[in-house]
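Have a look at the structure below before the remarks.
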Amino acid sequence: LAVVGFAVASLLFFNTLFMIGRAVRARSKNTGKNPVASFFTLLVKNSSRFGGYIAHLAMAIILVGLIGSSMYVTETVQYVNYDEEANTADSFTVDDYELRYTDSSVEEINNGEDYLYTVQFDVYDVNSGAYLGHVAPSVQLDAMTQQTKLNASVLGSPLEDLFVVYRGVRNDGQLSMDVRVNPFISFTWVGFGLLMVGTAIALLG
């Protein structure tokens, strides 16, 4: 199913590029202008058509993002050994990410009505050892109702996002961590923005 989806996205993307290229080439040949000038001329004079082209490109990019972020997600639950007195915890690895514990905290928020339990990790690349960023997921506890709210921490990159969720401390003292790696999710946001641009251009036309 993923292969079919990627094939459809590729067909839509490159077919649209071909149509844009053919129109620009014809305009350039008829007017003697360079391709860049021809493209912007067509964008102004035939904006409804070219806005539709951009919207089609956007849909192909969105499709790639949806397939990657739904069919290739890595999700794992980690139980991390934690020493409250020493304020230390074990490191753990998910895919190409290593999460190293740095600190934890408990604070009152909303005038003492809620408590926020936060754990913090530095994130490193497993292969190169390079520092990638910092995540600080938390659990918010309502003091009156004892209901909890999980606040995920996200470390984004162009090709994939790392979602880290802290679910609290287990009875045996371990930290319960839910970690997901979502590939291509940024394609969805880029495609959505491009879709809005294409739609706006088409409407102006």
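Here is how the numbers come out for the structure above:
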read-out: Yes/no for Ala2 being hydrophobic (A, V, I, L, M, F, W, C) and surrounded by fewer than 17 Cβ atoms within 10 Å (Cβ to Cβ); value: yes
read-out: Inter-residue pairs, beta-carbon under 6 Å, first at negative phi and part of a helix (DSSP H, G or I) and in the stretch 61-77, second aliphatic (A, V, I, L, M) and surrounded by fewer than 13 Cβ atoms within 10 Å (Cβ to Cβ), 6+ apart; value: Ile67/Ala2; Met71/Ala2
read-out: Qualifying residue in the stretch 26-36 (condition: outside any helix (DSSP H, G or I), open to solvent by 40 Å² or more (accessible area, probe 1.4 Å) and under 19 Å from Val197 (Cβ atoms)); value: no
read-out: Any pair with Cβ under 7 angstrom, 6 or more apart, that starts in the stretch 191-205 at a residue that is in contact (Cβ under 8 Å) with a residue 40 or more places away in the chain and ends at one that is hydroxyl-bearing (Ser, Thr, Tyr) and assigned to a helix (DSSP H, G or I); value: Ile201/Ser47; Ala202/Ser47; Ala202/Ser48; Leu204/Ser47; Gly205/Ser47; Gly205/Ser48
read-out: Candidate set from the stretch 43-79 (those that are touching a Pro at 6+ places or on another chain (Cβ under 7 Å) and either of a type in the set (S, T, N, Q) or open to solvent by 30 Å² or more (accessible area, probe 1.4 Å) (or both)); member that is farthest from Leu159 (Cα to Cα); value: Tyr72
read-out: Cβ-Cβ under 9 Å pairs, at least 6 apart or on other chains, the stretch 111-136 side of a type in the set (Phe, Trp, Tyr), far side in a loop (DSSP other than H, G, I, E, B); value: Tyr115/Ala143; Phe121/Ser91; Phe121/Ala136; Phe121/Pro137; Tyr124/Ser91; Tyr124/Ala130
read-out: Any hit, the stretch 27-43, residues being hydrophobic (A, V, I, L, M, F, W, C), farther than 17 Å from Val179 by Cα and modelled with pLDDT of 90 or more; value: no
read-out: Filter result for Glu84 (out of contact with any helix residue (DSSP H, G or I) (no Cβ under 9 Å at 6 or more places or on another chain), open to solvent by 50 Å² or more (accessible area, probe 1.4 Å) and within 30 Å of Phe6 (Cβ to Cβ)); value: no
read-out: Residues being touching a helix residue (DSSP H, G or I) at 6+ places or on another chain (Cβ under 9 Å) and either of a type in the set (S, T, N, Q) or open to solvent by 40 Å² or more (accessible area, probe 1.4 Å) (or both) - total across the stretch 179-188; value: 5
read-out: Boolean, Tyr166 is among the aromatic types (Phe, Trp, Tyr) and out of contact with any Ser or Thr (no Cβ under 8 Å at 6 or more places or on another chain); value: no
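The values are calculated or read from the model by the stated rules, or taken from the named source; none is laboratory data. Given the structure is predicted, the values throughout are model-derived calculations rather than measurements. All Cβ positions, glycine included, derive from the backbone under ideal geometry; neighbour counts span all protein chains shown. With ligands, DNA and RNA removed, areas are computed over all heavy atoms of the protein, side chains included. Shrake-Rupley method; radii C 1.70, N 1.55, O 1.52, S 1.80 Å.
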